[in-house]
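Peer 1: The structure that follows is given in the form of structure tokens.
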């Protein structure tokens, strides 16, 4: 169990996640790096979320991605039932 | 009904107008109906049957409101209440079954047939835990996913009920789902290495 980020910190992460996710994939890394500067921890939080982003696809569609070898967590398969 | 509104509709309207006591009366009604429907559905279906919480919640509204032509806002508000109740019912059931299994309360030979259900119970408990973690970080996002997974609200319905833009809801869902997948994977690898 990780400790929650402070409200201000989480808001930074969220804004950068949304900003990056709106960009074409090849521009995301550069965007996040330039926005975070030397704050590696912030960078890592944003990248971690981006790694689990499905690009706004409905979760049902991720089953198709999974069959092409893109890993989603086992427990997330439950979400397919809901 | 002599032209009078069913209690559920009356209570929903009172709650929307700010009457907190209406919610206290509404919850037991919703709870009783969902429990009854879930039990009936499970008893009539073969083992391994998957409850479809969002379908159940929708049907509960139609029954309680005595209509097959649901009002958009009433239905969405009802499912806001019902989402929390449905989550509680399903998770309590899953936890109880897990506990029964740990206590050796399962007959030998049943395990193969029951394995997929147990796996689902574990997933449901993992989802419940992950949503509780998300609520510690961001209560609004946890609530939104609860409405989506257990109440079956669409993004449009959430925007209307919560009074925010559809664009905001869509980003909330997308961010929350990324957070949740990360959390579930972390929980998976922890239980795999335990």
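The values are calculated or read from the model by the stated rules, or taken from the named source; none is laboratory data. Every value quoted in this text rests on a predicted model; they were computed, and no experiment measured them. Using ideal geometry, Cβ is built from the backbone for each residue, glycine included, and neighbour counts are taken over all protein chains shown.
Peer 1: Does at least one position in the stretch A:61-68 carry a residue that is more than 13 Å from the chain's Cα centre (by Cα), more than 22 Å from residue B:170 (Cβ to Cβ) and at pLDDT 90 or above?
Peer 2: Within the stretch A:61-68, the first condition is being more than 13 Å from the chain's Cα centre (by Cα), and the residues that meet it are A:61-68.
Add one more test, that the residue is more than 22 Å from residue B:170 (Cβ to Cβ), and what stays is A:66-68.
Narrowing further to those that are at pLDDT 90 or above: none.
The answer is no; no qualifying residue exists.
Peer 1: Under 8 Å by Cβ, and 6 or more places apart or on different chains, what pairs join a residue from the stretch A:38-50 that is within 14 Å of chain B (Cβ to nearest Cβ) with one that is part of a loop (DSSP other than H, G, I, E, B)?
Peer 2: Cβ pairs passing all conditions: A:45/A:5.
Peer 1: When only residues in the stretch B:163-190 that are in contact (Cβ under 8 Å) with a residue 12 or more places away in the chain and more than 8 Å from chain A (Cβ to nearest Cβ) count, which is surrounded by the fewest Cβ atoms within 10 Å (Cβ to Cβ)?
Peer 2: B:173
Peer 1: Can you tell which of B:83, B:94, B:132, B:100 is modelled with pLDDT of 95 or more and either over 23 Å from residue A:51 (Cβ atoms) or not in a loop (DSSP other than H, G, I, E, B) (or both)? Outline the logic, then answer.
Peer 2: Details: B:83 fails: modelled with pLDDT of 95 or more; B:94 fails: modelled with pLDDT of 95 or more; B:100 fails: modelled with pLDDT of 95 or more.
Answer to the selection: B:132.
Peer 1: I'm told residue B:163 meets every condition in (1) touching a helix residue (DSSP H, G or I) at 6+ places or on another chain (Cβ under 8 Å); (2) closer than 24 Å to residue B:73 by Cα except one. Can you identify the failing condition by its number?
Peer 2: (1)
Peer 1: List, please: which pairs have Cβ atoms under 9 Å, are six or more places apart or on different chains, and start with a residue in the stretch B:121-144 that is over 17 Å from residue B:170 (Cα atoms) and end with one that is surrounded by fewer than 19 Cβ atoms within 10 Å (Cβ to Cβ) and modelled with pLDDT of 95 or more?
Peer 2: Correct list of pairs: B:137/A:5; B:137/A:10.
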